1. State all residues of region 221-256 that are hydrophobic (A, V, I, L, M, F, W, C), in a helix (DSSP H, G or I) and closer than 20 Å to THR30 by Cα; if no residue qualifies, say none.
2. Give me the pairs, please: first residue somewhere in region 242-261 and under 15 Å from PRO110 (Cα atoms), second residue anywhere and of a type in the set (Ser, Thr, Tyr) and assigned to a helix (DSSP H, G or I), beta-carbon distance under 8 Å, and either six or more positions apart or on two chains.
3. Any idea how many residues of region 56-108 are among the basic types (Lys, Arg) and either in contact with a helix residue (DSSP H, G or I) (Cβ under 8 Å, 6 or more places away or on another chain) or within 11 Å of ARG9 (Cα to Cα) (or both)?
4. Here are some conditions: (1) under 30 Å from LEU263 (Cβ atoms); (2) open to solvent by 50 Å² or more (accessible area, probe 1.4 Å); (3) modelled with pLDDT of 95 or more. ASP55 meets all but one. Which one does it not meet?
5. Looking at PHE165, PHE193, PHE187 in this structure, which one is open to solvent by 20 Å² or more (accessible area, probe 1.4 Å), aromatic (Phe, Trp, Tyr) and on the phi < 0 side of the Ramachandran plot?
6. In the list SER38, SER76, which residue meets the criterion of being open to solvent by 10 Å² or more (accessible area, probe 1.4 Å) and farther than 27 Å from LYS191 by Cβ?
7. Among the residues of region 73-86, is any within 24 Å of LYS262 (Cβ to Cβ) and at pLDDT 95 or above?
8. Out of all the residues in region 56-109, which are basic (Lys, Arg) and touching a residue at least 12 places away in the same chain (Cβ under 8 Å)?
Amino acid sequence: MVNFVIIFRTCDVVHSLHNAPRPFGLDKRTLIKICFISLFEAVQGYNYTIYVLGDKLSDEMKGFFARFPVNVINGSWGNDESIRQSFLLADRVKDEDWVYFCEDDYLHKPETFKYITDLIENRNENFGYKPRRLSLELLVNPSKKPLIIHLPDYPDRYQPRYRRFSLIFLSSYCHWRQITNTTFSFFTEGKTFRKFRKIFEKSVKNADDGYLSRRLYGGLLLFGKALCISPIHGLSTHMHEGVMTPSVDWEEIYNEMMTKVKLIEAT
């Protein structure tokens with residue numbers, strides 16, 4: 001069975017690094033709570049360990065996380081150093097563990113880990129086709145590339161100026177599309193993290209996920225060191241207005257999570 005190590009990186013001091021408005025009028029602490037609960041509930045029934053990597057957490061948020069079976073590490077780092085700390089944690093996992101680097105403003109669908117587990121357990125079947133002639137698939141070689149999984153499906157990927165040729169895969173529950181870039185929220189194996197550790201470490205400066213993406217996924221040509229894919233429809237959404245994963249009723253999930261937050265706070 002797949003073993004997940006989740007590193008939930010959070011800070012309730014900063015509302016938004018880029019001052020982008022949050023959906024549903026959410027303040028940062030409520031946002032963290034609903035996103036964490038959606039993640040925590042989605043991983044139930046699977047093998048997992050959760051580290052909450054807090055940056056200057058308030059007493060309110062410390063009390064919130066104390067209600068869950070998680071390992072809380074709280075420091076005073078700033079964004080770049082907290083990313084570095086998450087990488088130090090990841091360097092301790094087993095080769096076969098799947099690490100989920102997760103920022104605190106991603107809301108998850110209930111079926112997230114069901115879909116991820118199916119993809120991982122059947123990846124030889126999903127990626128193992130060997131084309132007989134020269135093609136994009138032969139050049140990318142998906143059956144051999146280390147795999148990185150990014151859960152949201154950003155809407156700009158459907159805009160004419162950003163559309164790209166990429167490989168499409170089918171698993172038991174959804175399609176997966178090869179993509180060119182991620183944030184610092186993604187899944188990868190412990191051995192993959194260590195293989196590309198220098199790239200990860202260099203990306204820490206100025207939280208440069210653009211550098212990380214170019215070096216690992218290959219930019220517009222997609223001939224990178226790793227194969228990065230995201231689900232269609234997305235299994236999570238970045239909780240900023242204008243970039244939320246399309247074709248999913250996120251308001252319904254938000255309302256459900258808000259009900260659970262209120263129940264927790266009432267006890």
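The values are calculated or read from the model by the stated rules, or taken from the named source; none is laboratory data. Nothing here was measured: the structure is a model prediction, and the numbers come from that model. Here the Cβ is made from the backbone with ideal geometry for all residues, glycine too, and neighbour counts use every protein chain on show. Keep in mind that these areas ignore ligands, DNA and RNA; they rest on the heavy atoms of the full protein, side chains included. Shrake-Rupley method; radii C 1.70, N 1.55, O 1.52, S 1.80 Å.
1. Listed by number, the residues that qualify are TRP250, ILE253.
2. Partner pairs satisfying both residue conditions: ILE253/SER38; MET257/SER38; MET258/THR30.
3. Residues meeting the conditions: 3.
4. (2)
5. That would be PHE165, the only listed residue that is open to solvent by 20 Å² or more (accessible area, probe 1.4 Å), aromatic (Phe, Trp, Tyr) and on the phi < 0 side of the Ramachandran plot.
6. SER76
7. no
8. Listed by number, the residues that qualify are LYS56, LYS62, ARG67, ARG84, LYS94, LYS109.
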